[in-house]
1. With a Cα-only, solvent-free Debye model of the stretch 9-73, what are the log10 I(q)/I(0) values at q = 0.19, 0.21, 0.23, 0.24 Å⁻¹?
2. Compute, for W218, the solvent-accessible surface of its heavy atoms (probe 1.4 Å) with the complete set of protein chains present, and express it in square angstrom to the nearest 10.
3. Gain in length, N4 to T225, computed as 0.36 nm per residue apart minus the alpha-carbon separation, to one decimal in nm?
4. Provide T225, T177 ordered by accessible surface of protein heavy atoms (probe 1.4 Å), highest first.
5. Express the accessible area of the chain per residue in Å², computed with a 1.4 Å probe while the remaining protein chains stay in the model.
6. Of all the accessible heavy-atom surface of the stretch 161-238, with the other protein chains kept in place and a 1.4 Å probe, what percent is carbon and sulfur?
7. For the chain, what is the calculated [θ] at 222 nm in deg cm²/dmol (nearest 500), taking -39500 (n - 2.57) for each run of four or more DSSP H residues and dividing by its residue count?
8. I'm a student and want to see the number: the projected area of the Cα convex hull of the stretch 1-144, averaged over all directions, in nm².
Amino acid sequence: MLCNACPFECLVDRSIQTGRCRATADIEVAQAQLHYWEEPPISGNQGSGTIFFTHCNLACKFCQNYDISQEGYGHKVSAERLEEIILELQDRGAHNINLVTPTQYSLQLIPILEKVKPKLKIPIVWNSNAYEKVETLRRLEDLVDIYLPDLKYFSDELARKYSSAPNYFHFATRAITEMKRQTRQNVYDDQGVMKKGLIIRHLVLPGQIDDSQKILLWIKQNLGTETQISLMAQYYPTYRAWELEGMNRRLRPSEYEAIRQYFIELGFKQGYCQELSAASEDFTPDFEGRGV
């Protein structure tokens, strides 16, 4: 099978060679656990059944999970074992099955989700960087209940320089529009835990207030102020951030407050803001020694 899952469309046979994402045809997982540090309607009080996939189709120089996304930490799992992991997380009381960085395995995951979906009483979350193809996402309709995408950059220059992602905004906004079409409106249970819907994440970066403002304005103009947004303040310099001018520091309180105020000025009705204390390695999962 020649891989065309994401916008890079490498068209390589991943059983023979890796694509841009460095993944093979085998699914690799770094960790599977109950995770309590997602947005409140995702983690709830019982945790999100989070599965961290190895590799990524982006190459973010400041990735906080670089050991799995860029350096390949993880273990091969069969389709049968992945189905077992999903059901085990459900049995442990997870509010949902949270697939983190799944894009590079989209084509392998579709038949697995088709098989396991009838056995689930909890929703499936697609937690991605949004650098995806609409055609691939359409194959996930009725398999994925909740989309949790990043919307990283408005500027193509930043996307190329920071993440090696040409035309990021073009692809990500079309992908998110498709996610919105599939989910329509957010649905919650009586405990406020999400059952279906869309939350758009945006990580505010040092020195990039203008870029963040353009992203929020696009969301308002194209998806509306009812759209739920998670404004993240958790950036801290790690991995190769020192190579990027101005990125070898944490976010200033004034920068994050400027974006938070702009969010309010635009009239958004739903959203989440992080404390600046979230910019810490303490909130980054430790992947060493975690089996699947």
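The values are calculated or read from the model by the stated rules, or taken from the named source; none is laboratory data. What you see is a predicted model; the values in this text were computed from it and never measured. Virtual Cβ from ideal backbone geometry, glycine too; neighbours counted across all protein chains shown. The area values use the complete protein model at the heavy-atom level, side chains included, leaving out ligands, DNA and RNA. Shrake-Rupley method; radii C 1.70, N 1.55, O 1.52, S 1.80 Å.
1. Taking Cα atoms of the stretch 9-73 as identical point scatterers yields -0.80, -0.89, -0.96, -1.00.
2. Accessible area, nearest 10 Å²: 40 Å².
3. My answer for the length gained is 76.2 nm.
4. Reading off the accessible areas and sorting them downward yields T177, T225.
5. Averaged over the residues of the chain, the accessible area is 44 Å².
6. With neighbouring chains kept in place, the figure for the stretch 161-238 is 46 percent.
7. After summing the helix terms and dividing by the residues of the chain, the value is -9000 deg cm²/dmol.
8. 8.2
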